[in-house]
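Worksheet: the structure to be examined is printed underneath.
The values are calculated or read from the model by the stated rules, or taken from the named source; none is laboratory data. Bear in mind that the values here come from a model prediction, so they are computed numbers and not experimental data. Positions of Cβ are backbone-derived with ideal geometry, glycine not excepted, and every protein chain shown enters the neighbour counts.
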Amino acid sequence: MGLGPAQLWRVSIFLSVLDVHVNRMPIDATVTRIAYHHGAFVSASLDKASESNERNAVGLRLSDGREFAVVQIAGLIARRILCDAHEGQSVQTGARFGIIRFGSRTDLYLPEGVSPLVAVGQKMVGGETVIAEIAPGSEP
């Protein structure tokens, strides 16, 4: 996604077949890139799903220039990723941008210098759980 060489925090959100699979934008930003990759359909709960599985990456840029990515990852049962976002689009926090059909995962790559506020194993609620706090205008 062109996020540079720095190591970034990755927050992985696993969605079981019983969860709602609507994807929401984590913050106000501009979509800079969308990159779809064909791939396998191993269980989305496995680490290797980020590299092996079918996925769709959405690059985002904050108004202060910091960049990060949201990646929709298909799972063992999921066979279809839908993404309504497009390059150049301005998006708002909490806005729906896509859906993954059943047993999937969403990875969020946080900007450099931003740490997650969530814990391993924490149950997250779409549009409610605060994943990280990004101070406006702060340096990356």
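Which residues, counting only those in the stretch 111-120, are modelled with pLDDT under 90 and either in contact with a Cys (Cβ under 6 Å, 6 or more places away or on another chain) or not polar (S, T, N, Q) (or both)? Residues satisfying the conditions are Pro111, Glu112, Gly113, Val114. Residues of the stretch 58-94 that are farther than 27 Å from Ala40 by Cα and at pLDDT 95 or above: Arg61, Gly88, Gln89, Ser90, Val91, Gln92.
Taking the criterion of being under 21 Å from Pro111 (Cβ atoms), of a type outside the set (D, E, K, R) and assigned to a strand (DSSP E or B), the residues of the stretch 19-57 that qualify are Asn23, Ala29, Thr30, Val31, Thr32, Ile34, Ala35, Asn56, Ala57.
Within the set Arg24, Arg96, Arg61, Arg55, the sole residue that is surrounded by fewer than 15 Cβ atoms within 10 Å (Cβ to Cβ) and touching a strand residue (DSSP E or B) at 6+ places or on another chain (Cβ under 8 Å) turns out to be Arg96. When we screen Leu8, Leu60 for residues that are in a strand (DSSP E or B), closer than 19 Å to Val130 by Cα and either out of contact with any Lys or Arg (no Cβ under 8 Å at 6 or more places or on another chain) or among the small types (Gly, Ala, Ser) (or both), the only hit is Leu60.
Looking at Ile131, Ile81, Ile100, just one residue is out of contact with any Gly (no Cβ under 9 Å at 6 or more places or on another chain) and within 17 Å of Phe14 (Cα to Cα), and that residue is Ile131.
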